[in-house]
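Since the structure comes first, as structure tokens, the remarks are kept for the end.
Here, each number is a calculation from the coordinates, and none is a lab measurement. For clarity, every value in this text was computed on a predicted model and none was experimentally measured. Methodologically, a virtual Cβ is constructed for each residue, glycine included, from the backbone with ideal geometry; neighbour enumeration extends over all protein chains shown.
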Amino acid sequence: MNPEDVELTIEQKELLYLISRLTDHHNCPDTWVKETPLQALMFHAIRKGLFNDYDYAPISSSFLGQGRKFVNISKEGEDDLGDLRELGLLETIRLSSTKYDYITGYRPTTESAKQLSELPNEIKSSIDTLFDCPECNEPAFNLVIDVGSSSFFMKCKSCSYNEDIPLVEPEDVSYSTKAYFFKSLGKHRTIGEDNK
């Protein structure tokens, strides 16, 4: 299938542009974005109102060489990463760390150039807002990872404003339940039969 002939969803376009921005594929063609920082930015974007059809949930995952942790991951985002890869718009690299964890990296392919060049300005500007500091409005808001404390945050290079990304903090979600019993599990009248 020719990737130029495929109509991507808005979320797939946003995701492709986010990865292209993180890898700066025009100036640094050998740059990859690692899966965990990408998941952190996708989670941050969902909480900021982007990726409207994405949701997230805490999933047990290998995390920064520190064993397994519950990480807020978007399954819809992971599915779109796979779709973009199958369409030939993303390529991946899989590396093993010194602690024998596997790290996946992503970058746009040369075939994605046409898709990226035709992206509407609304999609580009919405993703660009992730990197605009809400305090000083400078486009100097970047992801910082503190591996020791397993924390992620956006930090402004201009004014040093920080914004936490609670990637490894499962949220409390309020819900209500109602008991439901099938009729077959309820009390039944038994009809006595005479065996005479």
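Tell me what the chain gives for mean residue ellipticity at 222 nm when only DSSP H runs of n ≥ 4 count, each as -39,500 (n - 2.57), the sum divided by the residue total, rounded to 500 deg cm²/dmol. If you can, show how the numbers build up before the last one.
On the way: 5 runs with 52 residues, N = 196.
The per-residue figure over the chain is -8000 deg cm²/dmol.
Of [x] 40, 26, 16; [y] 42, 23, 19; [z] 45, 14, 13, which is the value of semi-axes √(5λ) of the Cα gyration tensor in Å derived from the coordinates here?
Given [x] 40, 26, 16; [y] 42, 23, 19; [z] 45, 14, 13, the calculated one carries the label [y].
Could you compute the FRET efficiency for Arg94 and Tyr180, with r as their C-beta to C-beta distance and R0 at 35 Å, rounded to 0.05?
The pair Arg94/Tyr180 has a calculated efficiency of 0.20.
Please count, across the chain, the pairs of lysine residues with Cα atoms under 18 Å apart that sit 8 or more places apart or on different chains.
12
Taking only C-alpha pairs under 8 Å that are 6+ residues apart, what is the relative contact order of the chain in percent?
20
How high is the relative contact order of the stretch 1-116, given as a whole-number percent (alpha carbon pairs under 8 Å, six or more residues apart)?
Relative CO of the stretch 1-116 lands at 32 percent.
List the extent of the Cα atoms of the stretch 114-170 along each of their three principal axes, largest first, rounded to whole Å.
Over the stretch 114-170, Cα extents along the principal axes are 41, 27, 18 Å.
So which cysteines in the chain don't have a second cysteine's C-beta under 4.7 Å from them?
Cys28, each lacking another Cys Cβ under 4.7 Å.
As a footprinting exposure proxy, order Ser149, Ser74, Ser158 by other Cβ within 10 Å, with the fewest listed first.
Exposure proxy ranking, most exposed first: Ser149, Ser158, Ser74.
Near the amide H of Ile165, under 5 Å away, which other amide H atoms are found, from residues 5 or more places off or on another chain, if H is placed in the peptide plane?
Amide H neighbours of Ile165, under 5 Å, 5+ apart: Phe152, Phe153, Met154.
Working out 0.36 nm times the residue gap between Asp30 and Ser60, then minus their Cα-Cα distance, what length gain in nm do you get to one decimal?
This chain segment gains 7.8 nm when fully extended.
Within the chain, what's the longest stretch lacking chymotrypsin sites (Phe, Trp or Tyr not before Pro) that sit in DSSP loops with no more than 12 other Cβ atoms inside 10 Å?
Between the exposed loop sites, the longest stretch runs 1-99.
With r as the distance between the Cβ atoms of Glu118 and Glu138 and R0 = 25 Å, compute the FRET efficiency 1/(1 + (r/R0)^6) and round to 0.05. Walk me through the intermediate numbers first.
On the way: r = 28 Å, r/R0 = 1.14.
E between Glu138 and Glu118, to the nearest 0.05, is 0.30.
Can you pull out the trypsin sites (Lys or Arg not before Pro) in the stretch 18-70 whose DSSP state is coil and whose Cβ has at most 16 other Cβ atoms within 10 Å?
Lys48
Order by neighbour count: Ile19, Ile59, fewest other Cβ atoms within 10 Å first, most last.
So the residues, fewest neighbours to most, are Ile59, Ile19.
Which FRET efficiency value, to the nearest 0.05, is calculated for Val6 and Ile103 with the Förster distance at 30 angstrom and r the Cβ-Cβ distance?
Working from the Cβ atoms, E equals 0.60.
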